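Take a look at the structure set out below.
Taken together, the values in this text are just the output of simple stated rules run on the coordinates, not laboratory data. Just so you know, these numbers come straight off a predicted model, no measurement behind them. FYI the Cβ positions are ideal-geometry reconstructions off the backbone, even for glycines, and counts take in every protein chain you see.
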Amino acid sequence: MYIDLHVHTTFSDGSFTPEEVVIYAKSKDLAGIAITDHDTIDGNMEALNTGKKEGIEVVQGVEISVEHKGGTMHILGYFIDLTDKGLITFLEKLQNGRQERNFQILKQLNNLGIEITYEEVLERSCGAQLGRPHFASIMVEKGYVESHKDAFNRYLKKGGPAYAERARYYPKDAINVLREAGGIPVLAHPFTLNTRTQQELRAVVKKLAHFGLMGIEVYSPDHTTKQTENYLRVAEQFGLVVTGGTDFHGANKENVDLGSLMVPYRYLEMLKALKTVK
Ligand code: AMP
Ligand code: ZN
Ligand code: FE
Ligand code: FE
């Protein structure tokens, strides 16, 4: 029995709708998945309902991008109360920040000779939380780049010529709001933190644990075996639960298939054991 605890849908930058992704998970014989869209919880209800209908366990979740100097920090939140007012307000602020940033990315792409209109981007996103993978898809389609990877490497990656920053919260605030909403905060794909030394990594995790972090996403397709082993040790050192997921985006991220990491079901059981009643 395998699970995948990091899945995006069309409510952020995945290419499968929540219903489609749950049905796809079932076709892959997965025992459970978690929906972790960027800065929105709006895809969860549809996924939960499909899960009930199809008989596959669906965990409601979210992925929040927070401030982190020198790299990228994402905090996953599992088992959040979808009606929590504090969380909803918090996410609305992030969504507004996204919109401002997207205008800037578009302008910069246009200045670089890439002809994309805001209408095209809107059409592509169908009301979703717009992210860079949406821009990348259009760039591939229009032949400006060869792949998503190419779009990021040449234009969209942090520090790239079309990159734009957006307003973010501090890790402490994201962890707090997730805990207040009855959720379990987990550090996503720690390799993106870009920590250069073991001490630096431990210092970051120690701080997060102090803020109330409860887990680390040790299993991720982008981690080397050595990194995975290291993150396992760090999780153990700070008493954090271990999770794993593919960061599935469907066609919006090449070479990653749902469930391909074969994360055993017991990790979901350990996560559930931490579930708090608000
Ligand atoms: P955004 O929410 O707009 O910041 O976009 C974040 C998403 O972009 C992530 O979930 C990744 O799927 C994708 N992404 C970020 N950096 C890269 C990269 N260097 N190459 C490919 N995809 C990336
Ligand atoms: Zn994404
Ligand atoms: Fe992420
Ligand atoms: Fe993700």
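A few notes on this one:
- Across the range 142-249, Cα pairs under 8 Å and at least six residues apart give a relative contact order of 22 percent.
- The H on the amide N of Y169, modeled in the peptide plane, is under 5 Å from the matching H of E67, each at least 5 residues off or on a different chain.
- The chain: angle of helix 85-111 to the longest principal axis, Cα-based, in degrees nearest 10: 30
- Debye intensity ratio in log₁₀ form over the Cα atoms of the chain, taken at each q of 0.06 Å⁻¹: -0.17
- Label point at R202 placed 7 Å out along Cα→Cβ; residues across the range 228-257 whose backbone nitrogen lies under 11 Å: 234, 237-238
- Axis of helix 225-237 versus longest Cα principal axis of the chain: the two differ by about 50°, to the nearest ten degrees.
- Across the range 114-126, rounded Karplus estimates of 3J(HN,Hα) from the backbone phi angles (6.51 cos²θ - 1.76 cosθ + 1.60, θ = phi - 60°) give 9, 8, 10, 9, 5, 4, 4, 5, 4, 4, 5, 8, 6 Hz, Gly and Pro being marked x.
- Summarising the strand pairing of the range 62-221, around 75 percent of its internal DSSP beta bridges are antiparallel.
- Once the Cβ-Cβ distance of K69 and N110 is raised to the sixth power relative to R0 = 30 Å, the FRET efficiency obtained is 0.50.
- The residues R154, R233, R196, when put in order of fewest to most other Cβ atoms within 10 Å, stand as R196, R233, R154.
- Sequence-separation-based contact order of the range 1-145, relative, with Cα cut under 8 Å and 6+ spacing, percent: 21
- One chain, two ends: E100 and D150. Fully extended at 0.36 nm per residue, the span grows by 15.6 nm beyond their Cα-Cα distance.
- Between the beta carbons of S260 and H210, assuming R0 = 30 Å, the FRET efficiency works out to 0.35 to the nearest 0.05.
- Fluctuation leader among I105, I216, I75 - the chain, Gaussian network, Cα springs under 10 angstrom: I105
- Efficiency of FRET from Cβ geometry, A251 and T224, R₀ 30 Å, rounded to 0.05: 0.70
- Binned Cα-Cα distances of the range 133-243, short to long, each 10 Å bin given as a whole percent: 13, 33, 30, 21, 3
- Fluctuation leader among L187, L232, L122 - the chain, Gaussian network, Cα springs under 10 angstrom: L122
- Entries in K107/K149; K26/K85; K53/K275; K69/K275 that, when Cα-Cα distance is taken, lie over 26 Å: K26/K85; K69/K275
- When Y163, Y144 are arranged by Cβ crowding within 10 Å, least crowded first, meaning fewest neighbours, the order is Y163, Y144.
- Between the amide H of S15 and those of G250, A251, N252, distances stay under 5 Å, these residues lying 5 or more places away or on another chain, with hydrogens modeled in the peptide plane.
- As a proxy for reagent exposure, ranking E57, E67 by other Cβ atoms within 10 Å from fewest up yields E67, E57.
- Expressed as a whole percent, the proportion of Cα-Cα pairs in the range 55-172 lying more than 20 Å apart is 49%.
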